[in-house]
Amino acid sequence: MSNRYSFYQLHMACQQHLLASLYTEQEDPDAFNAGYVEAVTPRHVLLWSVTPWGQHDGWILRRTEDILQVYMGDDYEIRLQMLVEIEGEEYAPLLDPAPAPEEDLLRRVLLLARERGEIISVMTAEDTFTGTVAQVDDLRVTLDLLDFFAEPDVRAQFALRDILLVGYDTSEEKMFRKLIQNRPKLV
C-alpha cells in the first residue's frame, strides 16, 4: 500500500460500512473498484463490488499494496450509494464469521470458493484466468481452468504471491456459470 493513511481509510470504510473507491493506477483515473470494504488486512482487502449503475457485482479481493488512493464521501460515492439504494441492493458479507485482523484473506476466499464449487477469476501480471479451485495450500492454488466457451480446459497452478486480484461471483464468473448451466440447451 502506498501509505498508512490509505490503510487507515480502508479500516474506516470497513468499520463504518462506507462506500469507497479504490484506485490502483496513477496514470489511469478509470482504474478503480468501488464498493463496500468487507474486510481488510495488511496484505489484502475484500470489496463487496458495485457497478457504476449501483448493482452488486460480486466480490473483488485485491492486494492492499496495489491500492494507491481511497476515496469516500465524494460526489461519485454519494451518487453510487443513492443508486445502490434505488436498485434495492442489500449488503451481505461473503465471509461469515468476519475474518480476524491478521487472517490470510486470499487463502480464506480461495478455500471458500473450493468448498462451494464456485467459479472464480484470478489475475496475475501475465493474464486473467477463470475456473474452479481444485486445491489450495500455503503457497499455491490449483485451478481447473475454463476456456472461452466455459468448457473444461487445463489444470494450472499459481503461486499465491503472484495473484494480484480475485474476482468472486462478478459478472464475469456469472457469465461462465450461465454457459455451463445452459450447455445442454445450446448443444
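The values are calculated or read from the model by the stated rules, or taken from the named source; none is laboratory data. Just so you know, these numbers come straight off a predicted model, no measurement behind them. Cβ placement follows ideal geometry from the backbone for every residue including glycine, while neighbour counts extend to all protein chains displayed. The area values use the complete protein model at the heavy-atom level, side chains included, leaving out ligands, DNA and RNA. Shrake-Rupley method; radii C 1.70, N 1.55, O 1.52, S 1.80 Å.
Identify all residues within the stretch 126-164 that are in contact with a helix residue (DSSP H, G or I) (Cβ under 8 Å, 6 or more places away or on another chain), small (Gly, Ala, Ser) and either open to solvent by less than 20 Å² (accessible area, probe 1.4 Å) or at pLDDT below 95 (or both); write none if there are none. Lay out the reasoning, then the answer.
Step one: filter the stretch 126-164 for residues in contact with a helix residue (DSSP H, G or I) (Cβ under 8 Å, 6 or more places away or on another chain), giving 130, 132-136, 138-141, 146, 149-150, 160, 163-164.
From the residues that got through so far, the ones that are small (Gly, Ala, Ser) too are 134, 150.
Selection gives ALA150 alone.
Listed conditions (1) of a type outside the set (Lys, Arg); (2) in contact with a Lys or Arg (Cβ under 9 Å, 6 or more places away or on another chain); (3) over 25 Å from GLY54 (Cβ atoms) are all met by LEU165, apart from (3). Condition first: out of contact with any Lys or Arg (no Cβ under 6 Å at 6 or more places or on another chain), assigned to a strand (DSSP E or B) and open to solvent by 80 Å² or more (accessible area, probe 1.4 Å). Can you find one or more residues in the stretch 116-124 that meet it? No, the stretch 116-124 contains no residue that is out of contact with any Lys or Arg (no Cβ under 6 Å at 6 or more places or on another chain), assigned to a strand (DSSP E or B) and open to solvent by 80 Å² or more (accessible area, probe 1.4 Å).
Results for (1) out of contact with any Ser or Thr (no Cβ under 9 Å at 6 or more places or on another chain); (2) closer than 21 Å to VAL40 by Cα; (3) not in a loop (DSSP other than H, G, I, E, B), shown as yes or no for each residue.
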{"residue": "GLU126", "(1), (2), (3)": "yes, no, no"}
{"residue": "ASP138", "(1), (2), (3)": "yes, yes, no"}
{"residue": "LEU143", "(1), (2), (3)": "no, no, yes"}
{"residue": "ALA150", "(1), (2), (3)": "no, no, no"}
{"residue": "ARG155", "(1), (2), (3)": "no, no, yes"}
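Any residue in the stretch 44-65 that is under 21 Å from GLU172 (Cα atoms) and part of a helix (DSSP H, G or I)? No, the stretch 44-65 contains no residue that is under 21 Å from GLU172 (Cα atoms) and part of a helix (DSSP H, G or I).
Can you find even one residue in the stretch 25-34 that is under 19 Å from LEU164 (Cα atoms), open to solvent by 10 Å² or more (accessible area, probe 1.4 Å) and at pLDDT 95 or above?
yes
Note on the stretch 1-35: residues that are closer than 19 Å to ASP104 by Cα and either hydrophobic (A, V, I, L, M, F, W, C) or not in a helix (DSSP H, G or I) (or both) amount to 4. Please enumerate the residues belonging to the stretch 84-106 that are assigned to a helix (DSSP H, G or I), among the aliphatic types (A, V, I, L, M) and open to solvent by 50 Å² or more (accessible area, probe 1.4 Å). Residue satisfying the conditions is ILE86 alone.
In the condition set (1) closer than 23 Å to ARG62 by Cβ; (2) without any contact (Cβ under 8 Å) to a residue 40 or more places away in the chain, GLU151 is compliant with all but (1).
Does the stretch 167-176 contain at least one residue that is part of a loop (DSSP other than H, G, I, E, B) and among the small types (Gly, Ala, Ser)? Full working, then the answer.
Our first condition is that a residue be part of a loop (DSSP other than H, G, I, E, B); within the stretch 167-176, this holds for 169-170.
Those left that are additionally among the small types (Gly, Ala, Ser): none.
Among the residues of the stretch 167-176, not one is part of a loop (DSSP other than H, G, I, E, B) and among the small types (Gly, Ala, Ser), which makes the answer no.
With respect to the conditions (1) over 23 Å from LEU46 (Cβ atoms); (2) of a type outside the set (Asp, Glu); (3) surrounded by 14 or more Cβ atoms within 10 Å (Cβ to Cβ); (4) touching a strand residue (DSSP E or B) at 6+ places or on another chain (Cβ under 7 Å), LEU179 lacks only one, and its number is (4).
Considering LEU22, LEU68, LEU61, LEU47, the condition of being surrounded by fewer than 21 Cβ atoms within 10 Å (Cβ to Cβ) and in contact with a strand residue (DSSP E or B) (Cβ under 8 Å, 6 or more places away or on another chain) is satisfied by LEU68 alone.
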